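*Asks:* Okay, here's the structure, questions in a sec.
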Amino acid sequence: MIKKLIIFCSILFAFQSMVFAQIGNVKSLNIGEIRTIRSKILNEDRILNIYLPQGFDKTKSYPVIYLLDGSINEDFIHVSGLVQFFNQMYSMPETIIVGIANIDRKRDFTFHTDLKDLQKDYPTTGHSDKFITFLEKELEPYIESQFKTTDKYLFGQSLGGLLATEILLKKPEMFNHYFIISPSLWWDDESLLRQAGQLLAKSPDTKKFVYISVGKGEHPVMIKDAEELYDVVKKSNKKNWTLEYKMMETDNHATILHRSLYEGLVRLFPYQEPK
């Protein structure tokens, strides 16, 4: 009996040692930083999810992607993975991603409307002007004070695509590369789309990459508006703008973002065979 007890205790001790050894090997997996900044313009704290390339070197300069809908439970993680893949397999340089976590995207991504039905459905609407000022006057200077940066990208889908379009048309100098996915240009009875030609006529013809896409399975109005945006930008005849348009044949509004960003990045950074 004593012999059996000793054997049992030995087995239990060995099992506990193995478990403790396994627990002792657990470490955190970090892909970046979470920062909180205070915005005087918005009068609130804003959370930034920041992806830093593997082997990040604070003495080096990096492009920066500003990702709308950049909360952890929205688009930050899968977009970070996509960019890391393009760093490895394509000609895309290592890039910092700044995911801007949402508080009220309907408030931040839409401009004022007098349409009563929209005011009813979106009671906090109409403050994109403040959010754009926050991006321009607070967020970009903050990021540039913390990291050495080069080109600036803006990724936006749906209402985020509406905001990205508004910035492209009204303050195009804020970013070098625009990825506008399924933009909600139906907002305010398509008023921004109607102003697009006039606004583009005032835009400087400086080097820029503009990628617009929409899913074939989306509402016909979404498809029509995306195509019209592409047409009006094309007709503006900006010689230094590289303009791309992609109809995503198998996607709808819910599924388009990841695959569309992939297609847009391929056009900007085509695959190159290793030397």
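FYI, it's all coordinate maths here, none of it is from the lab. This one's a predicted model, so the numbers in the text were calculated from it and none came from an experiment. Cβ placement follows ideal geometry from the backbone for every residue including glycine, while neighbour counts extend to all protein chains displayed.
*Asks:* What is the total of Lys pairs in segment 46-157 with C-alpha atoms under 22 Å apart, excluding same-chain pairs fewer than 8 positions apart?
*Replies:* Lysine pairs satisfying the spacing and distance rule in segment 46-157 number 13.
*Asks:* Please give me, ordered by residue number, the trypsin sites (Lys or Arg not before Pro) of segment 190-250 that lie in loop per DSSP and have at most 15 other Cβ atoms within 10 Å.
*Replies:* Sites meeting the loop and neighbour criteria: 202, 207, 216, 239.
*Asks:* Where does each of 258, 112 land when they are ranked from fewest to most other beta-carbon atoms within 10 angstrom?
*Replies:* 112, 258
*Asks:* Would you mind giving the three semi-axes, in whole Å and largest first, of the ellipsoid equivalent to segment 64-164 according to its Cα gyration tensor?
*Replies:* Semi-axes, largest first: 29, 16, 10 Å.
*Asks:* Could you tell me how far the Cα centroid of segment 34-69 sits from the Cα centroid of segment 131-198, in Å?
*Replies:* What the calculation gives is 16 Å, centre to centre.
*Asks:* What is the chain's relative contact order, in percent, from Cα pairs under 8 angstrom and six or more apart in sequence?
*Replies:* Relative contact order comes out at 15 percent.
*Asks:* Got a sec? How would 251, 75 order by Cβ neighbour count within 10 Å, fewest to most?
*Replies:* Fewest-to-most ranking of 251, 75: 251, 75.
*Asks:* Based on a Kirkwood Rh over C-alpha pairs, give the Stokes-Einstein translational diffusion coefficient of segment 115-206 at 25 °C and viscosity 0.890 mPa s in µm²/s. Please report the intermediate quantities before stating the final value.
*Replies:* Values: Rh = 14.4 Å.
Taking Rh from Cα pairs, D becomes 170 µm²/s.
*Asks:* Write down the percent of antiparallel bridges among all DSSP beta bridges whose residues are both part of the chain, to the nearest 5. Please report the intermediate quantities before stating the final value.
*Replies:* Details: 12 of 40 bridges.
Percentage antiparallel, nearest 5: 30.
*Asks:* Further question on the same structure: Mind sorting out which of [x] 23.4, 94; [y] 16.9, 52; [z] 22.1, 68 is the real Rg and Dmax of the Cα atoms in Å computed from the coordinates?
*Replies:* The value matching this structure is [x].
*Asks:* Evaluate the charge dipole of the chain about its Cα centre and quote only its size in Debye, nearest 20, assuming +1 on the Cβ of each Lys and Arg and -1 on the Cβ of each Asp and Glu.
*Replies:* It works out to roughly 900 debye.
*Asks:* What is the set of long-range amide H partners of residue 99 at a cut-off below 5 Å, with H atoms built 1.01 Å from backbone N?
*Replies:* Excluding prolines and chain starts, which carry no amide H, the hits are 49, 50, 51, 67.
*Asks:* With 10 angstrom as the radius, rank 182, 213, 39 by how many other C-beta atoms surround their C-beta, starting from the fewest.
*Replies:* 39, 213, 182
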